[in-house]
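Below: the structure, in structure tokens.
The values are calculated or read from the model by the stated rules, or taken from the named source; none is laboratory data. Remember, predicted model here, so these are calculated numbers, not experimental data. Neighbour counts run over all protein chains shown; Cβ positions are idealised from the backbone, glycine included.
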Amino acid sequence: MSVVAKTGTQPESNAFTLPKRADVVIVGAGIMGCAAAYYLAKQGVKAVVLDKSRIAGQQSTRAWGFVRQQGRDPSEMPLAIASNRLWLGLQEELQADLGWRQGGCLYIGHNAAQMARYESYLETSRQHGVDTRLLSADEVRAQVPGFEAPQIGGLFTPSDGQAEPRLVAPAFARRAAELGARFIEGCGLTGIDVAGGKVIAARTECGEIRTDHIICSAGAASWRVLRSLGIALPQHQVRGTVARTSSGPSVGAVAAIGGGIGWRQRSDGSFNLANDARVDVDVTLGHLRALEWYMGPLLQHFRSFNFKLNGTFLDDVRQRLPRSETRVNGRLVGVRDPLLAANDADINACLARLKRAMPSQRNVQIVERWAGGIDVLPDGIPVLDAPTTPSGLMVATGFCGHGFALGPIVGKTLADWLITGQPPMNLHDLRLSRYAEGDVKPPHSLF
């Protein structure tokens, strides 16, 4: 499926023959890059997908696994609905087990303020015909057998579901490769050549690929790619920790937030478990960049961020020094395979909350934990765009923790847009230029 060019810090440029030309070069082999390659290949367009590390090596395999329309920003709702439709038939289309379970999404309300916020989400759902509804306390207990934490109701969308992040992007990549896409791992982008206002080539660690089209789906590193073209994107990264437990008694296939935790139970009885809406921000010098964009959202949602001054700060300083991995690899490649530490204390607290909320799970234990880098933007919605300057560039980034659920439709949207020259739906609110124009609204929700 892939050609691995990396044997050490620097790739071996003579390990394979880099194609001289490609229909399209995709930067980043996460779920969106892999999905775009698949949907392009289905229409006869052969992509070359570059990743400085490996296929689905970062956040695409580290997500919670929720697939939801519930609680979306109105700007994202058309994407969420279209993606939900794709998920329904995705296992059959990709000929792979993706762990898909359509058990709905449930937000549990523990007080009147939470219920009022959930009720405010209903209007957007109604406008788009989504089956979201409010539940009573008894209806919540019916949806989650054995949930004993105090609660007064909830918000529920039966048509939402869940899937396994570790399975989906690789499945897209396998099918894309079978249809002619080429994946080159361990080979990062080092630059984009532009002439006459148009993309003409992708420069990589392994050589140059001539192309008229480049898709930037590089996750939290996308801002670096855009900066190399003189485009400013106020993108940062936060760290989210997730754990997997041992198997416990069945509570169904609902993906839920309540009791201070977010969880979903797999078919084998194990849980994916995380803090309900709180992430770590590992402070670095890089956070001074675009800080003015984040002051309002930070004040509005300060409870969602746990600021930490730790070893990441020192690592950031070291990466700015000569002979560091970033200096050796170049700014666009940077650290080839960043490994983020899980927040052990937080996940242990989440396990205790799970057992208090559902005493039937008193014997489950944490068997695995991990952290991922969530790429965020200050208004809480992504960029999905094909800017006019330079022409031939497409961007999909900043999904603020929503990228796994939206990944399939984002890939299909990019493919259809590239082939037809027009977006298949109204994406005006997700345009890249909104930051340069100052047309940025407060975030509807986070993560």
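Miscellaneous remarks
- Scanning the range 62-98 for residues that are without any contact (Cβ under 8 Å) to a residue 24 or more places away in the chain and either in contact with a strand residue (DSSP E or B) (Cβ under 9 Å, 6 or more places away or on another chain) or under 26 Å from Trp370 (Cα atoms) (or both) yields Leu88, Gln91.
- Under the condition of being closer than 16 Å to Leu339 by Cβ and of a type outside the set (D, E, K, R), the residues counted in the range 308-323 number 5.
- Residues of the range 78-114 classified as among the β-branched types (Val, Ile, Thr) and more than 20 Å from the chain's Cα centre (by Cα), total: 1
- Test for Leu432: is it of a type in the set (A, V, I, L, M, F, W, C) and either surrounded by fewer than 16 Cβ atoms within 10 Å (Cβ to Cβ) or closer than 30 Å to Gly197 by Cβ (or both): yes
- Pair list, Cβ < 7 Å and 6+ apart or interchain, from the range 411-439 residues that are without any contact (Cβ under 8 Å) to a residue 60 or more places away in the chain to residues that are assigned to a loop (DSSP other than H, G, I, E, B): Trp417/Ala386; Trp417/Pro423; Trp417/Pro424; Ser433/Pro387; Arg434/Val440
- Inter-residue pairs, beta-carbon under 9 Å, first within 14 Å of Trp263 (Cβ to Cβ) and in the range 337-351, second polar (S, T, N, Q) and loosely packed, with under 13 Cβ neighbours inside 10 Å, 6+ apart: Leu351/Gln365
- All positions within the range 54-71 that are in a loop (DSSP other than H, G, I, E, B) and either hydrophobic (A, V, I, L, M, F, W, C) or closer than 20 Å to Val238 by Cα (or both): Ile55, Ala56, Gly57, Gln58, Arg62, Ala63, Trp64, Gly65
- Checked against the criterion of being in contact with a Leu (Cβ under 9 Å, 6 or more places away or on another chain) and at pLDDT 95 or above, the range 267-275 has at least one qualifying residue.
- The numbered conditions (1) under 19 Å from Lys412 (Cα atoms); (2) of a type outside the set (D, E, K, R); (3) assigned to a loop (DSSP other than H, G, I, E, B) are all true for Pro74 except (1).
- Check on Ser120, within 17 Å of Gly71 (Cβ to Cβ) and surrounded by 14 or more Cβ atoms within 10 Å (Cβ to Cβ): no
- Against the criterion of being under 19 Å from Lys355 (Cα atoms) and surrounded by fewer than 22 Cβ atoms within 10 Å (Cβ to Cβ), Pro234 does not qualify.
- Against the conditions (1) surrounded by fewer than 24 Cβ atoms within 10 Å (Cβ to Cβ); (2) within 16 Å of the chain's Cα centre (by Cα); (3) farther than 18 Å from Pro78 by Cα, Val376 satisfies every one except (1).
- Pairs with Cβ under 8 Å, 6+ apart, first in the range 221-235 and closer than 16 Å to Leu288 by Cβ and in contact (Cβ under 8 Å) with a residue 12 or more places away in the chain, second among the β-branched types (Val, Ile, Thr) and crowded, with 21+ Cβ neighbours inside 10 Å: Trp223/Thr397; Leu233/Val383; Leu233/Thr397; Gln235/Val376; Gln235/Thr397
- Any chance Asp268 is surrounded by fewer than 20 Cβ atoms within 10 Å (Cβ to Cβ) and either in a loop (DSSP other than H, G, I, E, B) or under 22 Å from the mean Cα position of the chain (by Cα) (or both): yes
- Within the range 56-82, the set of residues being surrounded by fewer than 24 Cβ atoms within 10 Å (Cβ to Cβ), touching an Asp or Glu at 6+ places or on another chain (Cβ under 8 Å) and aliphatic (A, V, I, L, M) is empty.
- Some residue of the range 93-101 being out of contact with any Pro (no Cβ under 6 Å at 6 or more places or on another chain), within 19 Å of Asp131 (Cα to Cα) and of a type in the set (D, E, K, R): yes
- In this entry, Leu155 is excluded by the filter for residues that are aliphatic (A, V, I, L, M), surrounded by fewer than 17 Cβ atoms within 10 Å (Cβ to Cβ) and modelled with pLDDT of 95 or more.
- Any hit, the range 297-310, residues being more than 30 Å from Ala255 (Cβ to Cβ), in contact (Cβ under 8 Å) with a residue 12 or more places away in the chain, surrounded by 12 or more Cβ atoms within 10 Å (Cβ to Cβ) and not polar (S, T, N, Q): no
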